[in-house]
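Notes follow the structure.
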Amino acid sequence: MLIGRALSLTAERFSDRPAIVSGGLRLSYRQWDAQTNRLARALGELGVRRGGRVAIIAAGGEPLASTHLAANKLGACSVPLNVRFSADELAHCLRDCDPAALITDDSTSALARAALERLDGERPFAMVHAGEDPPVADHHGYQQLLERCSDAPVDVCVDAQDESVMLYTAGTTGRPKGVPRSQHAEVCAGLAHVVQARYGFGESCLGAMPMYHTMGLRLLVSSILIGGKLVLLGSFTASAALDAIERERLSALYLVPTAYGSLVQEAEAGRACATVTKLAYAGAPMTQTLAGRLSELIRPQVFINHYGSTEIYTFSVESDAAARPQSAGRPGLFARLRVVRADASRHVGPQELVEAGETGEVICSLESDEAFGGYWRRPEADRRALREGWYFTGDLGHLDEEGNLVLSGRVDDMVISGGENVHPVEVEDVLARCPAVGEVAVAGLPDEHWGQAVTAFVIPSPEAPQDPLEAARTIAGWVRADSGLASYKRPKSIVILEALPKSPVGKILRRELVAGRYRQLGEARP
């Protein structure tokens, strides 16, 4: 199956069924198929060919989704780029992916111009602007391109191994890395998500995660495969999400835990999620406290935790996250997992398995139908992460007594304090039970005595004292008296912050905390 063909077949099967809602735009599957045919022809006129690339730097919405599908109909590769990249990072990605066209919108045109200035006059690609503002002199208008092209099917021979999309990782340790993924891998990832999230034909989903991230793209493909309705938000806010759920009577959510936290707070203030029956989350662990509040608020029929990465979409799935919110579950539909020794000083082999219950690095077989084939022009990254047919995730975890995978952080996030290994996620889960804690992140800060000092960075809950210093002291007292943490796992310091540094999809950026890039409001030492 191919991405473009999947859309066309669904348009034949459910021609008048609502397909996509984006702002004031509503398209049926027949209309969306025709729209992407017109856009594919327009891109072809601009020089996009099979095997070429179309870069997109735009907020989530119909133009981004349609451009991705149109590129795939041409056998070209879409390259959705993070709208929160710096101008230097964006310029690097544009040089690196060598696109035939670049799509921008009103929210990103200034960033795109700043990146183009860094290309030293190199711009061998067409520019398309999808927005309300009139395009600048050398830009083509998105709507004008659509209006001048036929909606007849595009006659291009596309292969399942043609690249569908290239996503750039966040660049946590250097330059962003391109992760090219084939049409076959993308369709299989969408199919796996349908099965694992237990979607039915016609499921109506909230598209709140950005499409430069795996979650947004997979929901797009999944919805097309089942003839579902996808309601896109330009960016996530709890209020906008609840408005969409109520207005469109949505049945399924796929969000990161931080987004669910905001949603719960908004819903508990009097908003309802009465039509929602299926919950899925990914991107980070969920605390038992939040999982319990979600279960009480929504009472979902399905509640899953999806664990994966850009490189291989699904590693494992916990099918009952309400009962086991800390579990990443069993290998996914196409996946095979192992837990091997974690040793940053050498290349561990895939045969070096740990004992049951012992913490090690999680690795996933590259034979998965969802797997990529290697990083774009980064052989050194391939050597680090790809060994003997296995992808080394960099994640720490162990198999519990029932054979479920339990994650405990990143290999490079593990805190070694006084010679003891401390996993941040374990400490965060305990601290989340403190009534005075709203959000928490744990990291290891350099310390002359301990080597690394376990440090908790906290945003207080409404129940905490308003004074930051008193809030810190309250939490510190709870850690001493009620946490039950072993002494070496207890935070050496409680630091109160206004906000935790996060990625665009809500992952906490511990490296920012370790680097001292935060504004401290108060501190106390348990």
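Every number here is computed from the coordinates shown, using simple stated rules; none is lab data. From a predicted model like this one, the values you see are computed outputs, not experimental measurements. Neighbour counts run over all protein chains shown; Cβ positions are idealised from the backbone, glycine included.
Sequence-distant contacts, meaning Cα pairs under 8 Å at least 6 residues apart, place the relative contact order of the chain at 10 percent. Two decimals, Cα atoms only, Kirkwood Rh: what is Rg/Rh over the stretch 171-256? Result for the stretch 171-256 is an Rg/Rh of 1.02.
Based on C-alpha pairs under 8 angstrom that are at least 6 apart in sequence, the stretch 42-122 has a relative contact order of 39 percent.
Close amide H partners of S28, meaning residues 5 or more places away or on another chain with modelled amide H under 5 Å apart, are A19. Near the amide H of R387, within less than 5 Å, lie the amide hydrogens of F392, all on another chain or at least 5 residues away, with H placed in the peptide plane. Just want the answer: with Cβ charges of +1 for Lys and Arg and -1 for Asp and Glu, which residue in V179, G283, P153 is farthest toward the dipole's positive end in the stretch 152-287? So the residue furthest toward the plus end is G283. Remark: the chain carries a charge dipole of roughly 420 debye about the Cα centre, counting +1 on each Lys and Arg Cβ and -1 on each Asp and Glu Cβ.
In sequence order, what are the phi-derived ³J(HN,Hα) couplings for the stretch 210-219 according to the Karplus relation 6.51 cos²θ - 1.76 cosθ + 1.60 with θ = phi - 60°, rounded to whole Hz, with x for glycine and proline? Listing the rounded values in order: x, 7, 8, 10, 4, 4, x, 5, 5, 5 Hz.
Counting only alpha carbon atoms, the long axis of helix 288-298 and the longest principal axis of the chain meet at about 50°. Residues whose amide H lies under 5 Å from that of F315, counting only those 5 or more places away or on a different chain, are Y307, G308, S309; hydrogens are built 1.01 Å from N in the peptide plane. Residue separation of E402 and E117 scaled by 0.36 nm, minus their Cα-Cα distance, works out to 97.0 nm of gained length.
About the centre of its Cα atoms, the stretch 144-284 shows a dipole size close to 380 debye [charges on the beta carbon of Lys, Arg (+1) and Asp, Glu (-1) only; nearest 20 debye]. Taking 17 Å as the cut-off, the amide N atoms of the stretch 1-28 that come nearer than this to a point 7 Å along the Cα-to-beta-carbon line of C157 belong to 2.
Put a plus charge on the Cβ of each Lys and Arg, a minus charge on the Cβ of each Asp and Glu, and nothing anywhere else: the dipole of the stretch 429-526 about its Cα centre is then about 300 debye. The Cα-based radius of gyration of the stretch 12-81, divided by its Kirkwood radius, gives an Rg/Rh of 0.99. Using all pairs of distinct alpha-carbon atoms, the Kirkwood hydrodynamic radius of the stretch 415-524 works out to 13.8 angstrom.
Mean residue ellipticity at 222 nm, helices only, the chain: -9000 deg cm²/dmol; runs of at least 4 DSSP H residues each add -39,500 (n - 2.57), and the sum is divided by the number of residues. Converting phi to 3J(HN,Hα) with the Karplus coefficients 6.51, -1.76 and 1.60 and the offset θ = phi - 60°, the stretch 186-196 yields 5, 5, 5, 5, x, 4, 4, 5, 4, 5, 6 Hz in sequence order, with x at every glycine or proline.
The residue list I304, M209, S223 was ranked by how far each Cα lies along the charge dipole of the chain toward its positive end, using unit charges on Cβ atoms, and S223 comes out on top.
Ranked by the mean number of other Cβ atoms within 10 Å of their residues, highest first, the peptides 197-204, 215-222, 138-145 come out as 215-222, 197-204, 138-145. Estimated translational diffusion coefficient (Stokes-Einstein, Kirkwood radius over Cα pairs, 20 °C, 1.002 mPa s) of the chain: 89 µm² per second. A simple rule links phi to the HN-Hα coupling: the Karplus curve 6.51 cos²θ - 1.76 cosθ + 1.60 with θ = phi - 60°, which for the stretch 226-231 gives 9, x, x, 9, 10, 9 Hz, with x for Gly and Pro. Say a paramagnetic label sat at a point 7 Å from the Cα of E420, along Cα to Cβ; which residues of the stretch 430-456 have their backbone N under 20 Å from it? Answer for this model: 430-434, 441-456.
When the alpha-carbon atoms of the stretch 136-286 are used, the pair Rg, Dmax equals 17.9, 53 angstrom.
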